[in-house]
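The values are calculated or read from the model by the stated rules, or taken from the named source; none is laboratory data. Please read these numbers as outputs of a predicted model, since none were measured by experiment. Ideal geometry is used to build each Cβ from the backbone, glycine not excepted, and the neighbour counts take in all protein chains shown.
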Amino acid sequence: MEPLVVVIDPGHGGRLSYGATWPRFTEGKGLVGDAVAKALADFAKDAKAVEKDINLAIAHEAKVALEGSGWPVTCELTRETDEALALDARAAVAAKHGADLVVAIHCDTSPDPDVAGLWTYVRSGDPVGLSVARDIMVACPRPLRRGSVEPKVTQPRPHWTGAAHAVMAHNGAPTVLIECGFLSNDNDRAILTSAAGRALVVSAVMAGVGAYVYRRSAMAVA
């Protein structure tokens, strides 16, 4: 049986796409181009949490864990560094490597600081993605676990432009989008900005991918 090809897509990246931040970035109103990039760079120097960096850290840590698991799995990242990458370019990386599964890594924020926890999204009509997403939710350690273990199922819309959900519309492989937690919540932010905390997210990803490897192996010998 061929190895399972997992492509991990760390959301955002580059000079203009920082994603969620804490505190929230509000200094960019009315600015464009290089002015926005400079304002973001200045802001990030003192920011407590920047989504694009957290996404990339989780992606690298998950890749190391998957490649060291001993499972028949190969893992690729859509971006290895802090670089801007268009949505179609992310999908092209998945296609280039023949992805059997795409895992998109994101973080969230909310006006309500009490909103917290990891959540998964899948597009409708993606049974593999749904199974993996549910396994991730079930395995999610308690500090990040929500009350429900059911993933959120979304209708694919090709016109989506938001980086978090558009990756599902621009990509044909089974896909799970993970919102790893809320940077606006003190507990989630503490977890996601530490290596030990991010290991909780990686453990849930490992559980979801591991269950898929098992099901796939079982079907191959049936």
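Worth a mention:
- In region 8-30, the residue that is surrounded by the most Cβ atoms within 10 Å (Cβ to Cβ) out of those that are of a type in the set (V, I, T) and in contact (Cβ under 8 Å) with a residue 24 or more places away in the chain is I8.
- Residues in region 41-55 that are touching a residue at least 24 places away in the same chain (Cβ under 8 Å) and under 13 Å from R24 (Cα atoms): 6 in all.
- Exactly one residue out of A86, A49 is modelled with pLDDT of 95 or more and either surrounded by 15 or more Cβ atoms within 10 Å (Cβ to Cβ) or small (G, A, S) (or both), and it is A49.
- Of residues in region 13-67 being under 20 Å from the mean Cα position of the chain (by Cα) and hydroxyl-bearing (S, T, Y), the one farthest from R90 (Cα to Cα): T21
- In this structure, H170 does not qualify as at pLDDT below 95 and in contact with a strand residue (DSSP E or B) (Cβ under 8 Å, 6 or more places away or on another chain).
- Number of residues in region 64-78 that are in a helix (DSSP H, G or I) and surrounded by fewer than 22 Cβ atoms within 10 Å (Cβ to Cβ): the value is 3.
- Hits in region 97-125 (condition: surrounded by fewer than 19 Cβ atoms within 10 Å (Cβ to Cβ) and of a type outside the set (G, A, S)): H97, P111, D112, P113, D114, V115
- Pairs meeting the criteria (first residue in region 62-79 and within 14 Å of P10 (Cα to Cα), second residue hydroxyl-bearing (S, T, Y), beta carbons under 9 Å, at least 6 apart or on different chains) are lacking.
- Any chance G33 is crowded, with 16+ Cβ neighbours inside 10 Å, of a type in the set (G, A, S) and modelled with pLDDT under 95: no
- Residue in region 190-206 that is modelled with pLDDT under 95, surrounded by 21 or more Cβ atoms within 10 Å (Cβ to Cβ) and under 17 Å from the mean Cα position of the chain (by Cα) present: no
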